[in-house]
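Below: the structure, in structure tokens.
The values are calculated or read from the model by the stated rules, or taken from the named source; none is laboratory data. In this text, all values refer to a predicted model and were calculated from it rather than measured experimentally. Please note: Cβ atoms are built from the backbone with ideal geometry, for glycine as well, and neighbour counts cover all protein chains shown. Remember, those area values only see protein heavy atoms, side chains included, never the ligands or the DNA or RNA. Shrake-Rupley method; radii C 1.70, N 1.55, O 1.52, S 1.80 Å.
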Amino acid sequence: MKTRITELFGIEHPIVQGGMHYVGFAELAAAVSNAGGLGLITGLTQKTPELLAREIARCRELTDKPFGVNLTFLPMVTSPDYPGYIRAIVEGGVKIVETAGNNPQQWMPLMHEHGIKVIHKCTSVRHALKAQSIGCDAVSVDGFECGGHPGEDDVPNFILLPRAAEELKIPFIASGGMADGRSLVAALALGAEGMNMGTRFIATQEAPVHPNVKQAILDASELDTRLILRPLRNTERVLNNPAVQRIIDKEKRLGDKIRFEDIIDEVAGVYPRIMKEGDMDAGAFSCGMVVGLIHDIPTVKDLIDRIMAEAESLITERLAGLLR
């Protein structure tokens, strides 16, 4: 399948793996890239630029296909060593970076100087237009359904994607609710040039997470995610569990007086305990409503092959057949 995204990134299929904390390691990124998609290493999961450089080298050993690095710019008093991370990306020969969080404008000239294509995650049309104006090569448009941070506008992809198509000149991919060939064809019909999958890729054999995490995704339905941190205007969609219920109870009790310190035990530093140790009640972790469409744990290659076969069948048979 040829779209502006496959052409931009030099990939076979218009499928991008989300940059997920403590999930986007070399083995998953390489598996996605080897299957014809675009795999992403999650930069800040690596605690130092040196560790990121090592992870990039490890990925390079596992694939000769294009892969990228996700780099989230966080509003922190003590900022991560972003110049060091970008240096690791440049020296590792990575040519694709997915940026997220704060505006990446100050880093754009350096990345473009080294031939790096930048795709920025956006939860609104206005943010996507801003990304276009600062020179981003593409954007990922994240609808309200997505796991992680859906923004504060609550616009689902059935509206958000065609609005983005009306406004943008650069290519964009759809993120949030993406799981199969139906998702891909729908995203293309709404104006996207491909799709980003996060939660769906956690439930694959190559995802380097504890089996408890994968089983929790299989067991969940589309009704089992919750929105937290909304009073702090940092809304996050997570999989429901006892820790999430504790956060929701505190939000109800404290109202607009809640502070990050009130929920720090449920959100700070919990990802290693969940993703690596399988302690599913340790805290909140990002998860999309798409869990309702996940029913198995295939290899990455089998998943991507299945998606593309289903998409081709939908386009050439079912949809074409409606016109006969």
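Quick rundown of the values:
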read-out	value
Candidates Gly177, Gly255, Gly36: whichever shows maximal mean-square fluctuation once the chain is modelled as a Gaussian network with Cα springs under 10 Å	Gly255
Selected from His120, Met280, Ser33, residue furthest toward positive end of dipole (the chain; charges at beta carbon)	His120
Full-stretch length increase - Lys47, Leu218 - with 0.36 nm per residue and alpha-carbon distance subtracted	58.6 nm
Length released on extending from Lys169 to Arg230, taking residue separation times 0.36 nm less the Cα-Cα span	18.8 nm
Heavy-atom accessible surface of the chain: percent carbon and sulfur, 1.4 Å	53
Convex hull volume per residue in cubic angstrom - Cα atoms of region 199-271	99
Rounded to the nearest 20 debye, dipole of region 69-191 from Cβ charges on Lys, Arg, Asp, Glu	260
Most to least packed among 217-223, 132-138, 16-22, 78-84 [average Cβ atoms within 10 Å]	16-22, 132-138, 217-223, 78-84
Label-zone membership for region 122-151, site Lys250, 7 angstrom Cα→C-beta point, backbone N under 20 Å	148-150
Residue of Pro150, Pro66, Pro75 that the Gaussian network model of the chain assigns the largest fluctuation, springs spanning Cα pairs under 10 Å	Pro75
Net charge contributed by nearby residues that have their C-beta within less than 11 Å of Thr225 (K/R +1, D/E -1)	-2
Cα centroid of region 40-110 to Cα centroid of region 155-199, whole Å	25
Fraction of the pair-distance distribution of region 63-154 above 17 Å, Cα-Cα pairs, percent	50
Sites matching GluC sites (Glu not before Pro) across region 269-324 that sit in DSSP coil, with at most 13 neighbouring C-beta atoms within 10 Å	Glu277
Over 25 Å between alpha carbons, listed pairs Lys47/Lys121; Lys95/Lys169; Lys117/Lys169; Lys2/Lys301; Lys121/Lys252	Lys121/Lys252
